[in-house]
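Reviewing the structure listed below.
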Amino acid sequence: MNRLRCHALRRAGIECHLLYLRDGAGRQNIIDIPLFITDRDDELRMVLQANQYDVIVSICDHLLMQRLRELGYQGRLIYEAQGLGSREQARSTLSNAVAHIRRYASGAITHETPHLMELFNTYLSDFPRFYVQNIVDSEQFRYMPTSLDSSSEEPIIAWIGRIERNKNWRLFLQIGSGLLYRYPKLQLWMFEDANIFEADERDQFEAVVRQLRLVNRLSVRSNVPHSEMPHYLSAISDSGGLLISTSNVESFGYAASEALSCRCPVLSTDSEGIRSSIIHNVTGKFFMSGTANEAIHEAVELIENKSLRTTIITQGEQYIRTTYSPQRYIADFNNILSTIGVRSG
């Protein structure tokens, strides 16, 4: 989201820089954007003084806003909620953050996810709050033809996430195990960040893989460069397979949206934020019960009903291209800047 926002706003004459307090594998994806990685006050103060920012957006870090003020920053601050975890975690975070938001920020942003909008309306009912759709750059993130053949009876079923309870990796493995009975040559691909996980979940993950006898059917890739993901998602589509999202709660669901942009069909739990991208049997599929049996039934239809599959792929790609365009985000962000008294461009 940060990278896409910077690229989009640059087109509108708004220069953006990125600050992360800690390093991580994701820095490999930040190529042409000024980037600062530091948690030291002296270095933060130097960045602020050197660049004289008109606006700073603090994403999911309400404590940083107080720190920036104490370091001498006098421009506008915006708090943004992206990916606050489960409903309970999001409520806890915002209840703790609200005093800081009101004291230090000029506005608060989130996107059109029901539980986040409800929390914003509860805690910030009389505060400038903005609901903005995210960006999917469908010009860069698009289908790339591969040599795979959907008639080969070797569909690839994929999952993208972290080995955490909320991502519900266990359900994906159960679905994959069930689908193997119908498609003996099935391949299971999982994409994760091996540096971010819950320790007890990691131990359980390895045990469940062995228990379900998936060792020889499962490929796990960690920290694949973002620029390479269109190739993988296109290959999943060409194989006749699909992406499965099993999260309990998603604030947006970038993996699903980017898959649709690459003509890779998506089957998902109803994890709230993902409703922004998936309309059942129109742009993707839901399995509403969140059970492996229903998911297997829906996956089989998505693999074998070629007419429905083609329609969903076409409509899903077009929906993402229209709904999450950079142009729409630029207009929305300029409106936010105008509302809080900042002249853009």
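List of remarks:
- Flag for Gly85 being of a type in the set (Gly, Ala, Ser) and modelled with pLDDT under 95: yes
- Any chance Ser138 is without any contact (Cβ under 8 Å) to a residue 24 or more places away in the chain, hydroxyl-bearing (Ser, Thr, Tyr) and not in a helix (DSSP H, G or I): no
- In segment 14-47, residue most open to solvent (accessible area, probe 1.4 Å) [restricted to those that are touching an Asp or Glu at 6+ places or on another chain (Cβ under 7 Å) and assigned to a loop (DSSP other than H, G, I, E, B)]: Arg22
- Of all residues in segment 95-119, exactly one satisfies the criterion of being closer than 19 Å to Ile274 by Cβ, in contact with a Phe, Trp or Tyr (Cβ under 8 Å, 6 or more places away or on another chain) and free of Cβ contacts under 8 Å to residues at least 40 places away in the same chain, namely Met117.
- Single residue of segment 241-288 satisfying the filter (assigned to a helix (DSSP H, G or I) and open to solvent by 10 Å² or more (accessible area, probe 1.4 Å)) that is farthest from Ser307 (Cα to Cα): Tyr254
- Residues of segment 62-91 that are out of contact with any Phe, Trp or Tyr (no Cβ under 8 Å at 6 or more places or on another chain), assigned to a helix (DSSP H, G or I) and open to solvent by 50 Å² or more (accessible area, probe 1.4 Å): Leu63, Arg67, Glu70, Arg87, Glu88, Gln89, Arg91.
- Check on Ser177, more than 22 Å from the chain's Cα centre (by Cα), open to solvent by less than 40 Å² (accessible area, probe 1.4 Å) and of a type in the set (Ser, Thr, Tyr): yes
- Among the conditions (1) outside any loop (DSSP other than H, G, I, E, B); (2) within 24 Å of Tyr183 (Cα to Cα); (3) of a type in the set (Ser, Thr, Tyr), the only one that Ser227 does not satisfy is (2).
- Residues being in a helix (DSSP H, G or I) and open to solvent by 30 Å² or more (accessible area, probe 1.4 Å) - total across segment 48-61: 3
- Listed by first and then second residue, the pairs with beta-carbon distance under 6 Å, at least 6 apart or on different chains, first residue in segment 311-326 and more than 17 Å from Gln140 (Cβ to Cβ), second aliphatic (A, V, I, L, M), are Gln315/Val282; Gly316/Leu260.
- Selected residue [within 27 Å of the chain's Cα centre (by Cα), charged (D, E, K, R) and over 23 Å from Ala97 (Cβ atoms)] from Arg40, Arg22, Arg45, Arg11: Arg11
- Per-region count, segment 299-312, residues open to solvent by 20 Å² or more (accessible area, probe 1.4 Å) and within 25 Å of the chain's Cα centre (by Cα): 2
- Some residue of segment 6-13 being in a loop (DSSP other than H, G, I, E, B) and closer than 30 Å to Phe197 by Cβ: no
- Total residues in segment 1-34, condition over 20 Å from Gln82 (Cα atoms) and of a type outside the set (Val, Ile, Thr): 8
- Some residue of segment 150-162 being at pLDDT below 90, touching a helix residue (DSSP H, G or I) at 6+ places or on another chain (Cβ under 8 Å) and not aromatic (Phe, Trp, Tyr): yes
- Residue within segment 50-61 that is at positive phi and touching a residue at least 40 places away in the same chain (Cβ under 8 Å) present: no
- Taking the conditions (1) open to solvent by 70 Å² or more (accessible area, probe 1.4 Å); (2) in a strand (DSSP E or B) in turn, Ile109 satisfies each one other than (1).
- Subset of segment 112-121 (residues that are open to solvent by 50 Å² or more (accessible area, probe 1.4 Å) and of a type outside the set (S, T, N, Q)): Glu112, Pro114, Met117, Glu118
The values are calculated or read from the model by the stated rules, or taken from the named source; none is laboratory data. Since the model is a prediction, treat every value here as computed from it, not as a measurement. Virtual Cβ from ideal backbone geometry, glycine too; neighbours counted across all protein chains shown. Side chains included, ligands, DNA and RNA excluded: accessible areas come from the protein's heavy atoms. Shrake-Rupley method; radii C 1.70, N 1.55, O 1.52, S 1.80 Å.
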